[in-house]
Amino acid sequence: MVENTDSKPIDIDVIILSYARNEDLQKVTLNALESLENSEDPGKVRFHAVVIESNKELKPYQYPFSKTVYPWQRFGYHRYMNIGIGMTRSKYICIANNDLIFHKGWATEILNAFSHDPELQSVSPACSIHHPEHGTTLNSGLHYGYEVRKELVGWCILFKRDMLKITGKLDPAFKFWFADNDYANTLEKYKLKHALVTSSVVDHLESRTLKTKSTKEQLELTSRERFYYEYKWQGRSYLSYLNNIRKFYKNLRKIR
């Protein structure tokens, strides 16, 4: 079990991205925050939640149990996460989607994993919906690795802040899609240990925000990122990357 020798609660910064373009999506964020707040004894684990809200029309609304900010910068998943990380200072950082339900004791189980393996730098909690459907049993220990949607799930990642001294900030060029692949490759590049903690459960409701966007918006958030990923990690030339981007936007203009 994790030891807290000074009897003070362990602080965890939680950065949540939200785009509450309607009441239903605002409720999704509210449910995530409520489940987060109720998931741990605040005398043992204390959350510092920051909501990065993309819907500027809600300003100056503040979500409960959190600090809510409305960036002037254009949306980018990593860009917005970096804003939240820069606003916080706890030893542990959790970057999360808004379409999550945090189960009781999820953070304690992760802290126990860090205590069990001091070399562990980054973890993901299990999803009781996704992981059993894909062959991973809950409460089956730590599963080490970097495979996206298996050991590493992009909707919820918790890591030690000191890790950023090695990796640097999250790459802001990844605006949405392939952000988790980039994170996984970065960990593997620097030989930083990551594991799925199967006793920690945070359920994912599967891209509620993305599904409300138009086909054109979804393509811009997803397809474009593949070209940059191929350039950064798969040896594509920069010229090939630029040509793919040019063709992509030419085809995108044809979609109404």
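The values are calculated or read from the model by the stated rules, or taken from the named source; none is laboratory data. Quantities reported herein were computed from a predicted structural model and do not represent experimental measurements. When we count neighbours, we look across all protein chains shown, and the Cβ atoms used for this are built from the backbone with ideal geometry, even at glycine.
Picking from Phe65, Phe75, which residue would you name as being surrounded by fewer than 19 Cβ atoms within 10 Å (Cβ to Cβ) and either at pLDDT below 95 or not assigned by TED's automatic domain parsing to the domain that holds Phe174 (or both)?
Of the residues listed, the single one that is surrounded by fewer than 19 Cβ atoms within 10 Å (Cβ to Cβ) and either at pLDDT below 95 or not assigned by TED's automatic domain parsing to the domain that holds Phe174 (or both) is Phe75.
Just to be sure, is Ile101 of a type in the set (Val, Ile, Thr) and surrounded by fewer than 23 Cβ atoms within 10 Å (Cβ to Cβ)?
For Ile101, the condition - of a type in the set (Val, Ile, Thr) and surrounded by fewer than 23 Cβ atoms within 10 Å (Cβ to Cβ) - is met.
It is to be established whether one or more residues within the stretch 129-145 are under 14 Å from the mean Cα position of the chain (by Cα), assigned to a loop (DSSP other than H, G, I, E, B), surrounded by fewer than 17 Cβ atoms within 10 Å (Cβ to Cβ) and assigned by TED's automatic domain parsing to the domain that holds Met87.
Within the stretch 129-145, not a single residue is under 14 Å from the mean Cα position of the chain (by Cα), assigned to a loop (DSSP other than H, G, I, E, B), surrounded by fewer than 17 Cβ atoms within 10 Å (Cβ to Cβ) and assigned by TED's automatic domain parsing to the domain that holds Met87.
The rows are residues; the columns are (1) in contact with a helix residue (DSSP H, G or I) (Cβ under 7 Å, 6 or more places away or on another chain); (2) without any contact (Cβ under 8 Å) to a residue 60 or more places away in the chain; (3) within 25 Å of Trp177 (Cβ to Cβ).
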site	(1), (2), (3)
Gly43	no, yes, no
Ser54	no, yes, yes
Pro60	no, yes, no
Tyr70	yes, yes, yes
Gln73	yes, yes, yes
Gly76	no, no, yes
Ile95	yes, no, yes
Ser124	no, no, yes
His131	no, no, yes
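Which of the residues belonging to the stretch 21-64 are in a strand (DSSP E or B) and of a type in the set (Gly, Ala, Ser)?
Ala49
Of all the residues that make up the stretch 114-162, how many are aliphatic (A, V, I, L, M) and in contact with a Pro (Cβ under 7 Å, 6 or more places away or on another chain)?
Here the count works out to 1.
So Cys156 ticks every box in (1) touching a helix residue (DSSP H, G or I) at 6+ places or on another chain (Cβ under 8 Å); (2) under 15 Å from Val197 (Cβ atoms) but one. Which box is left unticked?
Evaluating Cys156 over (1) touching a helix residue (DSSP H, G or I) at 6+ places or on another chain (Cβ under 8 Å); (2) under 15 Å from Val197 (Cβ atoms) leaves (1) as the failure.
Report, by residue number, each residue of the stretch 164-178 that is closer than 21 Å to Gly145 by Cα and modelled with pLDDT under 95.
Selection gives Trp177, Phe178.
Residue-by-condition table, conditions (1) at pLDDT 95 or above; (2) surrounded by 16 or more Cβ atoms within 10 Å (Cβ to Cβ); (3) at positive phi:
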| site | (1), (2), (3) |
| --- | --- |
| Glu3 | no, no, no |
| Asp24 | no, no, no |
| Asn31 | yes, yes, no |
| His48 | yes, yes, no |
| Lys59 | yes, no, no |
| Gly105 | yes, yes, yes |
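Could you tell me how many of the residues in the stretch 153-201 are outside any helix (DSSP H, G or I), more than 25 Å from Asn112 (Cα to Cα), of a type in the set (Gly, Ala, Ser) and touching a residue at least 12 places away in the same chain (Cβ under 8 Å)?
1
Identify all residues within the stretch 65-97 that are in contact with a Leu (Cβ under 9 Å, 6 or more places away or on another chain) and part of a loop (DSSP other than H, G, I, E, B); write none if there are none.
Phe65, Tyr70, Phe75, Asn97
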